[in-house]
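Here is the structure we will look at, set down as structure tokens.
The values are calculated or read from the model by the stated rules, or taken from the named source; none is laboratory data. Just so we're clear, the structure is a prediction, and the values are computed from it rather than from any experiment. Here the Cβ positions follow ideal geometry from the backbone for every residue, glycine too, while neighbour counts run over all protein chains shown.
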Amino acid sequence: MADETANNLLTRAMPAVFVALWSTGYIGSKLGAPYAEPFTFLALRFVAVVAILVAVTLALGHKWSDRRSALHAMVVGVLVHGGYLGGVFWAIHRGMPAGISALIVGLQPIATAIIAGRVLGEPVTRRHWLGLGIGLVGIGLVVAPKLGIAGEGINGPTIAAVLAAMFSMTLGTIYQKRFATGAPFLSGIVWQYVGAFGFVGLAALLSESFAVVWSGEFVFALAWLVLVLSIGAISLLMLMIRKGAVSRVAALLYLVPAVTSLIAFFLFGETLTAVQLAGMALTVLAVALAGR
């Protein structure tokens, strides 16, 4: 009885823990941004994740994916880890505040619902469209006061990069649901990060110098993102899906921008004006409305 109660409490706590961990991903990217270019940073992160997960998979003797499942997992990795994180890291590296990048990406559940309706035949309600409209207005209020101001990092290219990241995550989620749900748990994640490494490695090769300043802050940010985000949070998400708690995650995801902004305020001094706070509230309302 005691074990069952403990398991129930753990299952209920998982979504909140996941959201708290997921929110720190934006902070980790900003903390490490001064010391490495974005795609180089991600390439190092993905190499470390693959090495750790391969060792764990071999040690536990888990089954490996067949060629078809591995290819599907690699496509998911390119979209979910490569395109999504690549866009966010690129924008933050060029000065976009972590809280605002989290806010824009926070519209991803609504975009997923709408695109999934077209691709997977899932129902799209008026509430989804209303949520998307309110969310876009909210984002407009957040980014407009600082749009194009020198040194603020909120401009056309950085906004486009974060929007591209959001849609990459959306497409990756839909692709995962349609083609890649049958892959073995651990090896499927390994192949996702192999695909992601190929994407960011090529991007770094074409556009970056591979220069890294190995400071204490950079090592801490890299270790945090590898262990806590890429392994801890992702594994926790997969475990919640297995336990059927994913609906509670969806209900809490709209808190990510607020949690990220709060952490960024204390660590980096990022602030929001009254108009921007109103825009954030509208975006939170939008995602909550569409996700009911």
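Could you look through segment 148-162, keep only residues that are surrounded by fewer than 14 Cβ atoms within 10 Å (Cβ to Cβ) and among the aliphatic types (A, V, I, L, M), and pick out the one that is modelled with the highest pLDDT?
Our first condition is that a residue be surrounded by fewer than 14 Cβ atoms within 10 Å (Cβ to Cβ); within segment 148-162, this holds for 148-151, 156-157, 160.
Filter once more, keeping what is among the aliphatic types (A, V, I, L, M): 149-150, 160.
On the way: 149: 57, 150: 49, 160: 93.
Out of the qualifying residues, it is 160.
Would you mind stating whether residue 110 is farther than 13 Å from residue 174 by Cβ, modelled with pLDDT under 75, out of contact with any Asp or Glu (no Cβ under 9 Å at 6 or more places or on another chain) and buried (at least 23 other Cβ atoms within 10 Å of the Cβ)? Spell out the reasoning first.
On the way: farther than 13 Å from residue 174 by Cβ: yes; modelled with pLDDT under 75: yes; out of contact with any Asp or Glu (no Cβ under 9 Å at 6 or more places or on another chain): yes; buried (at least 23 other Cβ atoms within 10 Å of the Cβ): yes.
Considered against the rule, which asks whether it is farther than 13 Å from residue 174 by Cβ, modelled with pLDDT under 75, out of contact with any Asp or Glu (no Cβ under 9 Å at 6 or more places or on another chain) and buried (at least 23 other Cβ atoms within 10 Å of the Cβ), residue 110 comes out as yes.
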Subset tally (residues that are closer than 21 Å to residue 52 by Cα, in contact (Cβ under 8 Å) with a residue 12 or more places away in the chain and in a helix (DSSP H, G or I)) for segment 190-219: 13
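Residue-by-condition table, conditions (1) modelled with pLDDT of 75 or more; (2) crowded, with 16+ Cβ neighbours inside 10 Å; (3) more than 23 Å from residue 170 (Cβ to Cβ); (4) not polar (S, T, N, Q):
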residue	(1), (2), (3), (4)
204	yes, yes, yes, yes
219	yes, no, yes, yes
233	yes, yes, no, yes
240	no, yes, no, yes
262	yes, no, yes, yes
268	yes, no, yes, yes
292	no, no, no, yes
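Given the structure, is residue 40 part of a helix (DSSP H, G or I), touching an Asp or Glu at 6+ places or on another chain (Cβ under 7 Å) and within 19 Å of residue 196 (Cα to Cα)?
For residue 40, the condition - part of a helix (DSSP H, G or I), touching an Asp or Glu at 6+ places or on another chain (Cβ under 7 Å) and within 19 Å of residue 196 (Cα to Cα) - is met.
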Yes/no for residue 97 being under 24 Å from residue 135 (Cα atoms), buried (at least 24 other Cβ atoms within 10 Å of the Cβ), out of contact with any His (no Cβ under 8 Å at 6 or more places or on another chain) and modelled with pLDDT under 90: yes
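Listed residues 70, 51; which is in contact with a helix residue (DSSP H, G or I) (Cβ under 9 Å, 6 or more places away or on another chain), outside any loop (DSSP other than H, G, I, E, B) and of a type outside the set (S, T, N, Q)?
Exactly one residue qualifies, and that residue is 70.
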Is it true that residue 117 is surrounded by 14 or more Cβ atoms within 10 Å (Cβ to Cβ), modelled with pLDDT under 70, assigned to a helix (DSSP H, G or I) and among the small types (Gly, Ala, Ser)? yes
